[in-house]
Structures are given as structure tokens and as C-alpha cells.
Amino acid sequence: MENFKLRVQKQWQMNSKLFKSIADWTVLLYLLIPVSLFVYYLYRETVLKGEFGIFEVIPLPFCIFILLLITTGGYIRTFVEPADRLFFIQHKGSFSELKAFSFIYSIVKQIVKVGVILLLFSVVYIQLYEQTLIGLIDLGFLLLIANVVNTFIHLKYSLKIVQFLLNLGQFIILTVIAVNLESPVSTGIYLATFILLCFMYWVKYVRATKYFDKQIDLEIQSYYKWQTMIFSASQELKSMKPSKSPALSPFLFKERLFKRDQDYLLDLLSKTILRHKKYIWGYLRLVLVIIGLTFALPLWADIVLAGVSYFMLKSWVESLVFEVRGHPIFVIYQVSDSEWLKAVKTLSRYLASYPILFIGLIIVLTEFLL
């Protein structure tokens, strides 16, 4: 028990330090609190008042499939460490006790996560899709079953494509079951299946030590989950990653996009975006998500979204410029701050101002013409 408590505390302390290292009181004051209030009022003024927006055109099976996808993002934790191979694994009683408490911790955490998600989704599920409370409970058990099966799949198979295909298959099967089987008897069957899967995991992976290597791989992924997500999302951190392949010669827009000599920096930034798919898809994801949300939100929320989206896209442009500016070439080839500022201002007009004007036009057409 003591080993388990120490390792859980270590995990939470690390996550706390990670949050403090990337966020200060200004992030809390100007981002987290406003976003939380906005989400609360948005949920209250739409879903709780029977305005379901985009859910009205999304079929129930698709919603269930998305819920399965969201709730099976993690694994059953073990809190084992690589150093345990030398010492702790030899004490089978204590080692099994650590994995036992970790298993209970993971299951309880997943039950709470599923419960919160279903609580938020319950209004849509019962009122819009005209389902019953029993069906909602059945769905909760299916989500828990999917999480345990996901852990079995990752412990059994190492190839990503196999893991993906098996999880896709279980999501489809569970979606069909959730839509077509609903009764008090089915609730008992789902509960019994979940308990049976937990018992199988307990016997095979909690009490035994021969699966240590596979469990440590999943534990490392879970331990560094947030760090990996932040590293992947941060343009500044991406720029620190060493290249794994030799640089390719330019293949698009070999001629200048902007003919004036003073626009050379804007030309460089534009080609940087157009020649790298990570920038293109990153930008398109932001814009398409914003456009999609405009069709699902009420007018007041669309206006707020447009304002927030402008600053978000502008920040994306500034992040890109920061990454390009950090290239070693600009240590040798000096560019003044005024030139960078001018390039950022012009690029922001193309990538932030104009898209927001287009989104504003969509909002007007949606609200007043359709």
C-alpha cells in the first residue's frame, strides 16, 4: 500500500510541476476561468434548454462510437518502474499488492470518468434520442468493457495497425450492441461481462510477473502521457526535435509569391507553411473546427467564438514566426524587429482576419437567411 501511495503521489506531483512550468496566474485568469465559464453557460443555454444543435443531425450510433473512442484513451495502470526488474519484482507479494491497488485505482478512475461523461450526455441521450435510463446504464458498462478490452489488446499485440484494427472492430461491435440490445437482462449481462474481464485481467496480469516488459511499456506511455501531448502540440518544442531524414529541396512555389523586394520575409514565411504539411493541416484543423462549431452554437456563442478564434489564429501565426525566427540562419543573417513585426502583421491579415470575416459571413447567412 505504501509503495502504491508514493508512486501515485509522484505521478500527481510531476503533473502539477508540468502544469506550473507551462502556465502561470495569467493563464488561469485570462484563459482557464473564462473558458470554463463559457463552456458552462454554453451547456446551460443549449443542451439543458433543449437546443441540441449539431446533435440533431448526428445519428445515435455515431455518437456512441465517438464516446467509445473518447473513453478508451488510457490503459489499466500498474505503476511499475523499470528499476523494479532488479529488486522489487523478486518480492512477489509486495509486487502483486502494488499492481492490485493500481488496478483498483484505474477501474475507479475510469468509472468516475465514464460517469461524468454520461451525466453530461444524459440529456441528449434521453431527450433527443428518446432512450431510457436503463439504456444509459448499459452504455456505461459497455464503455467500461471497451477500456478493459483495450488494455488486453495493447498487452497482447505490439503492432500499431493490429491494435487499431482490433479496437475499431470492438467499437463497431459494441456500438451495434448498444443500439439494438436494451433490457434489464442485458444490464446484468454487461455487468457480468465487465466483472469477468476484470477477473481475467487480475488472474493473468496482476498476480503474474512474466508480463513485466509489456506492462512497463504501457506504464511508461501512461506516465508521460501529458508530456507527450504538450510536446506534440507545441510549435516551440517541435523545433527542438532533431531531423530524422535529410532535408528535401523545395518542390512547391519555386518562384516568389510576393514580388516586391521588401516582402522577402513574408515570402519566406508563406512558403514555410505551404511546404510543410504539419503547418497546413494544423491550420486547416483549427479553421474547420471553428466553422463546424458555428453551425452547432447559438448566435451569441458564435459571436464569442469568432472573437476568440481571431486571437487563437493570430497566436498560431506568432508561434509559427517564433519557430522560424529561431532557426540558426537568422543568427548570421540579421533581420530587424520591425521587419518581423511587419511580416507577422501581414501574415495575420491573411491567416486570421480574412478567415474570421468569412466565418462571420457564414454566421450571418446561417442565422438570418436560412
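No lab work stands behind these numbers, since they all come straight from the coordinates. What you are looking at is a predicted structure, and each value in this text was computed from that prediction instead of being measured. Don't worry about glycine lacking a Cβ; one is built from the backbone with ideal geometry, like all the others, and counts go over all protein chains shown.
At a glance:
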| item | result |
| --- | --- |
| Positive minus negative residues near SER102 (Lys, Arg vs Asp, Glu; Cβ under 10 Å) | +1 |
| Per-peptide average of other Cβ atoms within 10 Å, ordering 214-223, 277-286 highest first | 214-223, 277-286 |
| Förster-model FRET efficiency, 25 Å R0, ILE172 and THR132, C-beta, rounded to 0.05 | 0.60 |
